[in-house]
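The values are calculated or read from the model by the stated rules, or taken from the named source; none is laboratory data. Predicted, not measured: the structure shown is a model, and the values here were computed from it. Methodologically, a virtual Cβ is constructed for each residue, glycine included, from the backbone with ideal geometry; neighbour enumeration extends over all protein chains shown.
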Amino acid sequence: MGDKKDNKDKSIKKNYKKLDNYIKYIKEENEKLEELFVMQKADEIFGGVPKDVQKHIAKKLDISKERVRGVMKYNCINEDSRGKYHISVCMGTTCISKGAKEILEEFEKELNIKKGEITGDEMFSLSTTGCIKYCVMAPIVSINGKLFNQVKKEDVKDIIKNYKN
């Protein structure tokens, strides 16, 4: 039992080291530190940005925890972990006007989860995001950063099927 805990602790330390290296890189490459980039990287590394990682970022960037939470909230970065394939539906005004709510509902129905949840096999997670500035391609769905544009409710089954295979 101790070996599993030791391996998990080593893995967590390794993830913090990855994040610290990225923060160092960002500080060296940019005169003005882009907090969002660091939080996106933390999200990528940890599969979400839990409170202990938020505290770590705040300390490393010398910003308040409230600032970290604000950047996360504004940019729809989750605190919770994600599935192997994270589906995010844009909920900007244009996307909503072109059917984004119905697309989200179809993903929820097909995956049998609600927004913010992960499927039982941890293969899919589902969230929404604010406007991602590709309004001409609305409605937009993102899966692990890959954009699907002009998505229709009827496309949802095929999108899921492609990731299951």
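Here is how the numbers come out for the structure above:
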item	result
Single residue of Met137, Met123 found to be without any contact (Cβ under 8 Å) to a residue 40 or more places away in the chain and aliphatic (A, V, I, L, M)	Met137
Subset of segment 147-165 [of a type outside the set (D, E, K, R) and either assigned to a loop (DSSP other than H, G, I, E, B) or out of contact with any strand residue (DSSP E or B) (no Cβ under 7 Å at 6 or more places or on another chain) (or both)]	Leu147, Asn149, Gln150, Val151, Val156, Ile160, Asn162, Asn165
Unmet criterion (only one of (1) buried (at least 17 other Cβ atoms within 10 Å of the Cβ); (2) assigned to a helix (DSSP H, G or I); (3) in the same structural domain as Leu147 (by TED's automatic domain parsing)) for Val89	(2)
Residue list for segment 144-165, restricted to those being under 17 Å from Tyr134 (Cβ atoms), touching a residue at least 40 places away in the same chain (Cβ under 8 Å) and of a type in the set (Lys, Arg)	Lys152
Condition met for Ile77 (of a type in the set (A, V, I, L, M, F, W, C) and more than 16 Å from Lys41 (Cβ to Cβ))	no
Residues located in segment 92-121, provided they are assigned to a helix (DSSP H, G or I) and at positive phi	none
Qualifying residue in segment 36-55 (condition: without any contact (Cβ under 8 Å) to a residue 24 or more places away in the chain, of a type in the set (Asp, Glu), surrounded by 13 or more Cβ atoms within 10 Å (Cβ to Cβ) and closer than 28 Å to Asn149 by Cβ)	yes
Number of positions in segment 112-123 that are surrounded by 14 or more Cβ atoms within 10 Å (Cβ to Cβ), out of contact with any Asp or Glu (no Cβ under 9 Å at 6 or more places or on another chain) and not hydroxyl-bearing (Ser, Thr, Tyr)	2
Any hit, segment 64-82, residues being surrounded by 15 or more Cβ atoms within 10 Å (Cβ to Cβ), among the basic types (Lys, Arg) and touching a strand residue (DSSP E or B) at 6+ places or on another chain (Cβ under 6 Å)	yes
Enumeration of residues in segment 41-51 that are in a helix (DSSP H, G or I) and under 13 Å from Lys18 (Cβ atoms)	Lys41, Ala42, Asp43, Glu44, Ile45, Phe46
Residue within segment 54-68 that is part of a loop (DSSP other than H, G, I, E, B), assigned by TED's automatic domain parsing to the domain that holds Glu34 and among the polar types (S, T, N, Q) present	yes
